[in-house]
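Novice: A single structure is presented below for examination.
The values are calculated or read from the model by the stated rules, or taken from the named source; none is laboratory data. Note that this is a predicted model, so its numbers are computed, not measured. Cβ coordinates were reconstructed from backbone atoms using ideal geometry, including for glycine residues, and neighbour counts include every protein chain displayed. Note: areas computed on protein heavy atoms with side chains; ligands, DNA, RNA excluded. Shrake-Rupley method; radii C 1.70, N 1.55, O 1.52, S 1.80 Å.
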Amino acid sequence: MATADSVSLFTGLGLSEHKARETLKNAALSAQLREAATQAQQTLGSAIDKATGTLLYGLASRLRDPRRLSFLVSYVANKKIHTEPQLSAALEYVRSHPLDPIDPVDFERECGVGIEVTPEQIEAAVEVAIHRHRPQLLEERYHFNMGLLMGEARAALKWADGKMIKHEVDMQVLHLLGPKRETDLEKKPKVAKARLEETDRRTAKDVVENGEAAGQTLSLMEQLRGEALKFHKPGENYKTPGYVTTAHTMDLLKQHLDITGGQVRTRFPPEPNGILHIGHAKAINFNFGYAKANNGICFLRFDDTNPEKEEAKFFTAICDMVTWLGYTPYKVTYASDYFDQLYAWAVELIHRGQAYVCHQRGEELKGHNPPPSPWRDRPVEESLLLFEAMRKGKFAEGEATLRMKLVMEDGKMDPVAYRVKYTPHHRTGDTWCIYPTYDYTHCLCDSIEHITHSLCTKEFQARRSSYFWLCNALDVYCPVQWEYGRLNLHYAVVSKRKILQLVANGAVRSVCSLSSSGLVVPGRVPPEFSQPPCHRDWDDPRLFTLTALRRRGFPPEAINNFCARVGVTVAQTTMEPHLLEACVRDVLNDTAPRAMAVLEPLQVVITNFPAAKPLDIQVPNFPADETKGSHQVPFGPIVFIERTDFKEEPEPGYKRLARGQPVGLRHTGYVIELQRVIKGPGGCVESLEVTCRKADAGEKPKAFIHWVSQPLTCEIRLYERLFQHKNPEDPAEVPGGFLSDLNPASLQVVEAALVDCSVALAKPFDKFQFERLGYFSVDPDSHGGQLVFNRTVTLKEDPGKV
């Protein structure tokens with residue numbers, strides 16, 4: 001049909017000319033609407049009125065199964081379905097009965113066919129609603145929320161026309177209140193509400209852009225349990241909007257239910273070509289959490305279809321991280337477990353005329369609009385022979401691929417199913433020289449494992465059509481793909497490719513040392529760092545890989561809590577790192593025992609120490625809850641304090657040790673007072689001489705400081721953000737690229753810090769709160785009695801990070 005004819009047809013339904021032309025841009029919608037309008041005209045034998053035209057447009061734009069179009073159009077054209085609620089009910093009915101022969105009696109009952117709602121019934125329902133809210137109506141007059149009245153009347157009369165209800169509400173309110181007065185036209189004061197709405201709007205914006213959590217956070221299980229996410233029930237895949245059904249769908253779903261018993265089944269399918277990052281933590285929590293919350297099971301399936309990039313260390317690290325986050329897979333599987341079946345299905349796909357062998361080179365297929373393959377229509381027998389030749393190694397890499405005959409949602413045509421690669425596979429060795437792609441493998445592995453909910457991030461939405469198409473093309477069970485928003489962080493990169501660049505460039509192995517003067521000395525590398533490059537790469541604590549976060553000291557509970565705080569959002573979320581750090585503090589505050597450490601030691605000699613030998617001081621592990629025990633530290637005549645806790649010439653407001661200003665030593669019950677400052681040849685303060693007294697023997701000091709006596713020497717690594725800008729990957733913010741945005745002071749190493757002896761037996765990953773300094777974790781570099789600590793987070797959020 002010519003464009004002008006189509007525009008004329010659509011405007012005859014009540015569409016504006018602009019709307020009609022916009023509709024024509026959508027080929028599928030315009031074809032369905034054209035068919036509906038033509039059938040309706042033939043049924044009526046006359047022009048279509050606007051009300052019917054509106055319903056036909058709604059039907060054509062919302063119907064997912066074109067086979068039901070004729071059936072529904074007949075009901076609309078014959079006025080058996082004549083309201084929006086009836087149309088919505090009809091669309092829901094055919095969606096939930098995709099293949100069953102439709103029972104007209106049941107259909108009409110569920111859709112309110114034949115039910116006439118009289119004006120008297122609408123009048124009565126509106127009267128009831130107005131009577132219920134009469135006092136508030138009289139008080140607020142036209143500032144009252146009239147939508148509440150319409151909603152209650154609609155609830156009482158399911159099949160009533162919404163326009164008729166609105167008209168009746170307007171009439172009865174006018175009768176009750178009379179015409180609007182001048183005060184009714186004034187805007188209703190909404191000071192408190194406006195403030196609340198502004199807060200809500202700002203919070204909602206931050207959830208997407210800055211990651212600020214809104215309101216009280218539900219636990220992850222509460223967010224995922226039951227119908228909280230409005231997901232389909234196992235076996236009811238066909239009720240999902242957009243799900244494509246075939247003549248075999250219901251039989252396949254019945255077989256699926258026989259195998260699974262209606263159990264929820266999910267999977268976490270990482271590629272073993274890198275280490276998991278904070279975004280994967282959300283995926284792990286979502287996949288494993290959804291299964292756990294609904295008494296289901298979750299597979300850990302490695303998508304090992306690209307042997308060029310896969311390494312054994314990545315398989316091990318991924319398993320470790322899933323376990324570390326507290327989840328146990330139902331079963332660990334590999335895409336390579338199914339290589340034989342996948343190959344057999346590829347052959348079947350060729351037999352069915354749905355795949356062909358193509359010789360276009362990779363560079364020819366790049367871009368948004370590559371040329372169509374000249375081999376798309378080659379004979380089935382020829383493609384079978386060529387595919388077998390690919391299998392036997394008769395083609396070089398890039399000379400031949402197997403492509404599927406479909407157009408994806410993003411317009412990509414005929415995605416590749418198999419390609420030639422002569423790299424040995426870590427599990428199958430040299431058995432195969434052709435390997436399946438993600439587009440081919442993923443949905444079929446889901447089908448084999450009878451996954452009920454295939455959960456993936458939003459960027460895979462464009463692959464949903466190929467997911468459904470391939471399962472249906474082979475007549476195998478088709479799971480449902482659900483997408484959720486990816487989790488990103490500001491001041492970070494999480495892409496595997498870019499982390500590999502950081503590793504390859506040595507960017508995450510460079511360090512700064514803190515000299516004895518406290519100045520940052522870039523490039524000074526302690527001997528223990530002179531190790532092979534792999535010693536600190538993917539697990540460098542400045543990264544946001546899970547191995548790096550574990551090494552830095554982030555507890556898995558904090559990461560899970562952070563994922564719960566982010567929530568199961570559909571929109572992509574980019575969170576502020578300080579929110580993750582806040583979750584870390586919440587956990588460590590209750591789990592990390594206290595100890596004392598000094599980063600820049602200044603020796604203090606107590607000239608009147610009250611005992612002939614050191615005293616044993618009991619320090620509570622958790623001062624807020626002394627039932628959690630204590631540890632013992634020595635307190636002798638020589639102690640070390642932070643150099644910053646003493647000033648010869650203090651500025652106004654300085655409360656720590658100075659001449660004439662004593663301070664208390666935490667946990668000892670003693671106060672020290674300065675007597676003498678001892679300096680070296682260069683004028684630098686080398687030590688202090690003080691006297692001490694009991695804390696209760698005089699005026700209470702302005703401050704109490706931490707200290708160590710008879711300490712252990714240790715190394716402490718202080719971490720800051722790896723990047724200087726919020727969005728290091730944004731060319732507008734960082735024109736030179738993310739590698740140019742590295743923070744030169746992202747790591748400072750204190751080589752000779754002092755820590756109290758209570759931590760002497762600490763093991764890697766043990767965590768402590770060093771009083772007044774922050775939370776610290778023992779690094780795996782610790783060896784031979786030489787402890788190395790990583791600062792996990794400071795005690796309080798740095799205001800500069802907000």
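Novice: Could you figure out which of (1) open to solvent by less than 10 Å² (accessible area, probe 1.4 Å); (2) of a type in the set (Val, Ile, Thr); (3) more than 36 Å from the chain's Cα centre (by Cα) isn't true of Thr573?
Specialist: Thr573 satisfies all of (1) open to solvent by less than 10 Å² (accessible area, probe 1.4 Å); (2) of a type in the set (Val, Ile, Thr); (3) more than 36 Å from the chain's Cα centre (by Cα) except (3).
Novice: Sticking with this structure for a sec: Taking region 247-274 only, how many residues are at pLDDT 90 or above and either in a loop (DSSP other than H, G, I, E, B) or open to solvent by less than 20 Å² (accessible area, probe 1.4 Å) (or both)?
Specialist: 16
Novice: Please go through region 450-479 and pick out each residue that is in contact with a His (Cβ under 6 Å, 6 or more places away or on another chain) and either in a strand (DSSP E or B) or open to solvent by 20 Å² or more (accessible area, probe 1.4 Å) (or both).
Specialist: Those that are in contact with a His (Cβ under 6 Å, 6 or more places away or on another chain) and either in a strand (DSSP E or B) or open to solvent by 20 Å² or more (accessible area, probe 1.4 Å) (or both): His450, Asp475.
Novice: Consider Leu349 against the criteria (1) under 30 Å from Val570 (Cβ atoms); (2) crowded, with 21+ Cβ neighbours inside 10 Å: it satisfies all of them except one. Which criterion is unmet?
Specialist: (1)
Novice: Just checking, how many residues over region 34-60 are free of Cβ contacts under 8 Å to residues at least 12 places away in the same chain and in a helix (DSSP H, G or I)?
Specialist: Going through region 34-60 one residue at a time, the tally reaches 2.
Novice: Follow-up question, since we're still on this one. Look through Thr627, Thr607, Thr644 and report the one residue that is hydroxyl-bearing (Ser, Thr, Tyr) and in contact (Cβ under 8 Å) with a residue 60 or more places away in the chain.
Specialist: Thr607
Novice: A further question follows. Quickly run through region 315-372 and pick out the residues that are outside any helix (DSSP H, G or I) and either under 17 Å from Ala283 (Cβ atoms) or in contact with a Gly (Cβ under 9 Å, 6 or more places away or on another chain) (or both).
Specialist: Leu325, Gly326, Tyr327, Thr328, Pro329, Tyr330, Val332, Thr333, Arg361, His368, Asn369, listed by residue number.
Residue by residue, here is whether (1) at pLDDT below 90; (2) surrounded by fewer than 18 Cβ atoms within 10 Å (Cβ to Cβ); (3) under 20 Å from Ala160 (Cα atoms) holds:
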{"site": "Lys50", "(1), (2), (3)": "yes, yes, yes"}
{"site": "Leu59", "(1), (2), (3)": "no, no, yes"}
{"site": "Val73", "(1), (2), (3)": "no, no, no"}
{"site": "Ala77", "(1), (2), (3)": "no, no, yes"}
{"site": "Leu91", "(1), (2), (3)": "no, no, yes"}
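Novice: I'm told Asn295 meets every condition in (1) part of a helix (DSSP H, G or I); (2) polar (S, T, N, Q); (3) at pLDDT below 95 except one. Can you identify the failing condition by its number?
Specialist: It is condition (1) that Asn295 fails.
Novice: What are the residues in region 481-507 that are open to solvent by less than 40 Å² (accessible area, probe 1.4 Å), among the hydrophobic types (A, V, I, L, M, F, W, C) and not in a strand (DSSP E or B), if any?
Specialist: Ala492, Val493, Val494, Ile499, Leu502, Val503, Ala507 - these are the residues of region 481-507 that are open to solvent by less than 40 Å² (accessible area, probe 1.4 Å), among the hydrophobic types (A, V, I, L, M, F, W, C) and not in a strand (DSSP E or B).
Novice: Something else now. On the given criteria, is Tyr440 part of a helix (DSSP H, G or I) and either more than 20 Å from Glu271 (Cβ to Cβ) or at pLDDT 95 or above (or both)?
Specialist: So Tyr440 passes the test.
Novice: Restricting to region 449-475, give me the number of residues that are touching a Leu at 6+ places or on another chain (Cβ under 9 Å) and over 19 Å from His232 (Cα atoms).
Specialist: So the count comes out to 6.
Novice: Do we find a residue being surrounded by fewer than 12 Cβ atoms within 10 Å (Cβ to Cβ) and within 49 Å of the chain's Cα centre (by Cα) anywhere in region 611-619?
Specialist: yes
Novice: Check region 404-414 and report whether any residue there is open to solvent by 50 Å² or more (accessible area, probe 1.4 Å) and under 27 Å from Asn287 (Cα atoms).
Specialist: There is at least one residue in region 404-414 that is open to solvent by 50 Å² or more (accessible area, probe 1.4 Å) and under 27 Å from Asn287 (Cα atoms).
Each row is one residue, and each column tells you yes or no for (1) charged (D, E, K, R); (2) over 16 Å from Val598 (Cβ atoms); (3) touching a Phe, Trp or Tyr at 6+ places or on another chain (Cβ under 6 Å).
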residue	(1), (2), (3)
Pro731	no, yes, no
Val734	no, yes, no
Ser746	no, yes, no
Val755	no, no, no
Leu761	no, yes, no
Asp766	yes, yes, no
Leu773	no, no, no
Asp781	yes, yes, no
Gly785	no, yes, no
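Novice: Just to be sure I understand the filter: pairs with C-beta atoms under 8 Å, separated by 6 or more residues or on different chains, first member in region 571-583 and closer than 15 Å to Gly553 by Cβ, second member among the β-branched types (Val, Ile, Thr) and in a helix (DSSP H, G or I). Which pairs pass?
Specialist: Leu580/Ile278; Leu580/Ile559; Cys583/Ile559
Novice: Any residue that is in a helix (DSSP H, G or I), touching a residue at least 40 places away in the same chain (Cβ under 8 Å) and of a type outside the set (S, T, N, Q) - is there at least one of those in region 26-33?
Specialist: no
Novice: Another question, then. Identify the residue in region 655-696 that is open to solvent by less than 20 Å² (accessible area, probe 1.4 Å) and part of a loop (DSSP other than H, G, I, E, B) and, among all such residues, is modelled with the highest pLDDT.
Specialist: The extreme case among them is Thr668.
Novice: Right, next: So, restricting to strands (runs of 3 or more DSSP E) that lie completely within region 611-654, which ones have at least 3 residues that are hydrophobic (A, V, I, L, M, F, W, C)?
Specialist: The strands (runs of 3 or more DSSP E) meeting that bar are 615-620, 638-642.
Novice: Inside region 751-774, can you point out the residues that are part of a strand (DSSP E or B) and open to solvent by 10 Å² or more (accessible area, probe 1.4 Å)?
Specialist: Result: Glu751, Ala752, Leu754, Lys767, Phe768, Gln769.
Novice: Take the residues in region 728-750 that are in contact (Cβ under 8 Å) with a residue 60 or more places away in the chain and of a type in the set (Gly, Ala, Ser); name whichever of them is least open to solvent (accessible area, probe 1.4 Å).
Specialist: Ser746
Novice: Scan region 383-393 for residues that are in contact with a helix residue (DSSP H, G or I) (Cβ under 9 Å, 6 or more places away or on another chain) and open to solvent by 30 Å² or more (accessible area, probe 1.4 Å) and report the count.
Specialist: 3
Novice: Here is a follow-up. Between a first residue in region 234-249 that is more than 13 Å from Trp469 (Cβ to Cβ) and a second residue that is acidic (Asp, Glu), which pairs have beta carbons less than 7 Å apart while being 6 or more apart in sequence or on different chains?
Specialist: His248/Asp475
Novice: Still on this structure, please answer the following. Which numbered condition trips up Ile641, out of (1) open to solvent by less than 20 Å² (accessible area, probe 1.4 Å); (2) in contact with a Gly (Cβ under 8 Å, 6 or more places away or on another chain); (3) hydrophobic (A, V, I, L, M, F, W, C)?
Specialist: The single condition Ile641 does not satisfy is (2).
Novice: Sticking with this one: Only one of these is in contact with an Asp or Glu (Cβ under 7 Å, 6 or more places away or on another chain) and either under 23 Å from Ala90 (Cβ atoms) or among the acidic types (Asp, Glu) (or both): Leu33, Leu69, Leu55, Leu63. Name it.
Specialist: Criteria check complete, one pass: Leu69.
Novice: Quick check: anything in region 73-93 over 30 Å from Lys239 (Cα atoms), among the polar types (S, T, N, Q) and not in a helix (DSSP H, G or I)?
Specialist: No, every residue in region 73-93 fails to be over 30 Å from Lys239 (Cα atoms), among the polar types (S, T, N, Q) and not in a helix (DSSP H, G or I).
Novice: Being open to solvent by 10 Å² or more (accessible area, probe 1.4 Å) and at pLDDT below 90 narrows it down to one of Glu110, Glu84, so name that one.
Specialist: From the options Glu110, Glu84, the qualifying one is Glu84.
Novice: When His725 is evaluated against the numbered criteria (1) outside any helix (DSSP H, G or I); (2) more than 24 Å from Lys498 (Cα to Cα), which criterion, by number, is the only one it fails?
Specialist: With respect to (1) outside any helix (DSSP H, G or I); (2) more than 24 Å from Lys498 (Cα to Cα), His725 is out only on (2).
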